[in-house]
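Here the structure comes first, spelled out in structure tokens, and everything after it is commentary.
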Amino acid sequence: PRLLAAIDQQDARWSGELGRNFRENFFKGHPWSQTPMGQRDVVAALNRDDLAAFHKSQLDPREMVIAIAGDVDPQEALKLTTQLFGGLQAPDESTFNPVQPPLPAARIVMVKSQKPTTAVQIGFGPGIDRTSKDYPAVQVLSRVLSNFPSGYLDRALRGEGKGLAYATWSYPRVGIVQGSYEIVFNTSAPDALEAVKQAMNVVDRVKAGDIDAAALQRAKARLLTDEMMNKQSNSDRAAEYALDELYGVHQSLDEYLAAVNAVTVDDVKRVADQYLVNPVVVIMSDTDIDPTPVKPLVK
């Protein structure tokens, strides 16, 4: 019941409703088209035998990493870990076979909402996976675009003119398969199409390499600060160690910081030109909006 209640609450905020509709349209037919909580009818129908069978087929020690971070005795930690997990039996065959999302087709999707709001989510792809050599450059790109109050999207949609958006952010969705790059903002119905135009203009700007040195340095500083802040607790470090080992990302923090610092304007331009393609624009509103004026930009 608690999970079903959480599923029902996904649409309580405009960002949740928009994100759900975006996933369904951008990743159509792929597991990423669903939120991690799952579909309501599937969850409601689950029983104990379903969960036991899934557990047995998916818990494969051949695809398992245990990471321990903190002030521990390594030998005692190894002994206890062996006692708790050493008896795990592997399934007859591995069922973990991630598939790539479908190639997105550029288009505009209009979604009717019951909320008195208008919001937009733009997705580009195919993006990168976590092992991509372009990961540091894409992360720097994300801070060039979205870094309040100086990010290019923040300035174009919130800081210049009358202001077209109340909140905006952008990020790469990265996993073990190719993901996406996404831009999100909420606006008003009369300003929605102009906001989409300005967002696409910003994308064209970075594709053209129109990135000043100060913006690049601010983006790197913010990215490195966030990276350090996210590594403060033992649980954060253990999660990173385990996932990096599981996914084959063998790069130390120092190596990652060096890779970020080495990113140039040309690198950001190149990844923008390569990955900010095939835009899928989802416009959610309680008001009817004719998207015809921005259709030439979505190609």
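Taking each DSSP H run with n ≥ 4 as -39500 (n - 2.57) and averaging over every residue of the chain yields -13000 deg cm²/dmol at 222 nm. About the centre of its Cα atoms, segment 1-111 shows a dipole size close to 440 debye [charges on the beta carbon of Lys, Arg (+1) and Asp, Glu (-1) only; nearest 20 debye].
Relative contact order of segment 47-169: 15 percent, from C-alpha pairs under 8 Å at least 6 residues apart in sequence. Summing charges over all other residues whose Cβ lies under 11 Å from the Cβ of residue 204, with Lys and Arg as +1 and Asp and Glu as -1, gives +1.
Got a sec? Charge dipole of segment 42-171, +1 on Cβ for Lys and Arg, -1 for Asp and Glu; which of 151, 89, 45 is way out at the positive end? It is 151, whose Cα lies furthest towards the positive end. Pairs of Cα atoms nearer than 8 Å and 6+ residues apart set the relative contact order; for the chain it is 27 percent. Using θ = phi - 60° in the Karplus curve 6.51 cos²θ - 1.76 cosθ + 1.60, the 3J(HN,Hα) couplings for segment 71-78 round to 8, 10, 8, x, 5, 5, 5, 5 Hz; x is entered for Gly and Pro. Projected onto their three principal axes, the Cα atoms of segment 145-224 cover extents of 37, 32, 22 Å, largest first.
For segment 70-165, the set of GluC sites (Glu not before Pro) satisfying both a DSSP loop assignment and a count of at most 15 other C-beta atoms within 10 Å is given as 93, 160.
Between their Cα atoms, which of 133/231; 115/197; 79/220; 231/269; 112/133; 28/115 are more than 31 Å away from each other?
Violating the 31 Å limit, Cα to Cα: 79/220; 112/133.
In segment 86-205, carbon and sulfur make up what percent of the accessible area (probe 1.4 Å)? Working shown, then result.
Working: 2670 of 5240 Å².
That share works out to 51 percent.
In this label model, residue 191 and residue 42 are separated by 3.8 nm, measuring between points 7 Å along each Cα→Cβ vector.
Using alpha carbons only, the radius of gyration of segment 186-245 set against its Kirkwood radius gives Rg/Rh = 1.21. Accessible area per residue for the chain, computed on protein heavy atoms with a 1.4 Å probe, is 55 Å².
One quarter of the convex hull surface built on the alpha carbon atoms of segment 246-289 amounts to 6.5 nm², the projected area averaged over directions. Using a Gaussian network model of the chain in which every pair of alpha carbons under 10 angstrom is joined by a spring, one finds that among 243, 46, 276 the greatest mean-square fluctuation is at 46. Start at zero, step by 5 Å, and the Cα-Cα distances of the chain spread as 1, 5, 10, 13, 15, 15, 14, 11, 8, 5, 3, 1, 0, 0 percent across the bins. For residue 175, the amide hydrogen comes within under 5 Å of the amide hydrogens of 130, counting only partners 5 or more places away or on other chains and with H modelled in the peptide plane.
Each residue of segment 229-241 was assigned a 3J(HN,Hα) from its phi angle through the Karplus curve 6.51 cos²θ - 1.76 cosθ + 1.60 (θ = phi - 60°); the sequence is 5, 7, 10, 7, 9, 4, 5, 4, 5, 4, 4, 5, 4 Hz, with glycine and proline shown as x. Inter-label distance, residue 262 to residue 210: 3.1 nm, where each label sits 7 Å from its Cα along the C-beta direction.
Computed with every protein chain present, the accessible area of residue 79 is close to 120 Å² [probe 1.4 Å].
Stick to the Cα atoms of segment 54-123, pair each with every other, and give me the Kirkwood hydrodynamic radius in Å at one decimal.
17.7
The values are calculated or read from the model by the stated rules, or taken from the named source; none is laboratory data. This one's a predicted model, so the numbers in the text were calculated from it and none came from an experiment. No Cβ is skipped: glycine too gets one built from the backbone with ideal geometry, and neighbour counts run over all protein chains shown. In case anyone asks, the SASA skips ligands and DNA or RNA and just uses the protein heavy atoms, side chains included. Shrake-Rupley method; radii C 1.70, N 1.55, O 1.52, S 1.80 Å.
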